[in-house]
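Undergrad: Handing you a structure now.
Read-outs throughout are calculated quantities, based only on the coordinates presented, and are distinct from any laboratory measurement. None of these values were measured; they are calculated from a predicted model. Neighbour counts are summed over all protein chains in view; Cβ atoms, including those assigned to glycine, are modelled from backbone coordinates with ideal geometry.
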C-alpha cells in the first residue's frame, strides 16, 4: 500500500545497484523508479508523467516521467529520490495530492538493464526453508517406500491367485477324468450284470429240457 515501508526498502536496494560516484542518467533514474513501481504494481503504485523540466525516461515506452516521484492509490504522490540529478538518495517524502491524469503504469523492466529485486516481505529464514525441504524429501522417500511395499504385496497376491487358479484348473481336469472312469466302470458293471442274467436264464432252460 501507499504507506508500506517495504517500498522504501526496495527502492534502496534498487538504487544500490547503480553508481554513486556520478549523477545518474535519465534512463537509469527511470529504470530505478519503474523497477520499484513494477514490484508493487498490484498495490497500485505507479509513476508520474512529466512533460517539462527535469525528467527521467521510462523503459520501453520512453515516456518522460518525474525523476523523483512515485504515485500511490488515492491520487497521491511522494518524493522518493532526494537530489535526483545528483546522488539520488532514496527517501520517503510527504504524501501530496496528484493529478489522476498524470498517473503512468509501470512496465516490465528491460532484461540486463534493470535489476529485478524481490519484493521484501516476511518469509521463512534459509535454515527454516532447508528444514522444510529436508522434511519434504523425507516424506517423499517414505511415500516411495510405502508405494513399493504396496506394489510388492499386490504382486504377491496376484501370484497367489495365479497359483490358486492353476490348482483349480488341475482339480477340474482330475474331476473330469474321474467322472469318465466312473462312467466306464458303470458300463462294465452293467455289462457284467447283463451277462450274469443271461447265463442264469440259459442254465435254467437247460435244466428244464433235461427234466
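Undergrad: Using the eigenvalues of the Cα gyration tensor, what equivalent ellipsoid semi-axes result for the stretch 1-76 when each is taken as the square root of five times the eigenvalue, whole Å, largest first? Walk me through the numbers on the way to the answer.
TA: Details: eigenvalues 73, 52, 19 Å².
Equivalent ellipsoid of the stretch 1-76: 19, 16, 10 Å, largest first.
Undergrad: I'm a student and want to see the number: the projected area of the Cα convex hull of the stretch 135-200, averaged over all directions, in nm².
TA: Values: hull surface 18.0 nm².
Mean projected area of the Cα convex hull: 4.5 nm².
Undergrad: Ordered by packing density, taken as the mean number of other Cβ atoms within 10 Å over each peptide's residues, highest first, how do 67-80, 31-44, 141-154 rank?
TA: Working: 67-80: 20.6, 31-44: 22.1, 141-154: 10.0.
Ranking the peptides 67-80, 31-44, 141-154 by packing returns 31-44, 67-80, 141-154.
Undergrad: Still on this structure: Could you tell me whether the stretch 60-100 comes out rounded, prolate or oblate from its Cα gyration tensor? Rule is a ≥ b ≥ c as square roots of the eigenvalues, rounded for a/c under 1.5, then prolate if a/b exceeds b/c, otherwise oblate.
TA: Details: a/c = 2.67, a/b = 1.15, b/c = 2.32.
Note, shape of the stretch 60-100 comes out oblate.
Undergrad: What's the extension gain from residue 61 to residue 18 if we count 0.36 nm per residue and subtract their Cα-Cα distance? Display every interim value, and only then the final one.
TA: Working: separation 43, 0.36 × 43 = 15.48 nm, distance 2.11 nm.
Residue separation times 0.36 nm, minus the Cα-Cα distance, leaves 13.4 nm.
Undergrad: Moving to a separate point now. Could you give the nm distance between label points at residue 178 and residue 190, where each point is 7 Å from its Cα heading toward the beta carbon?
TA: 2.2 nm
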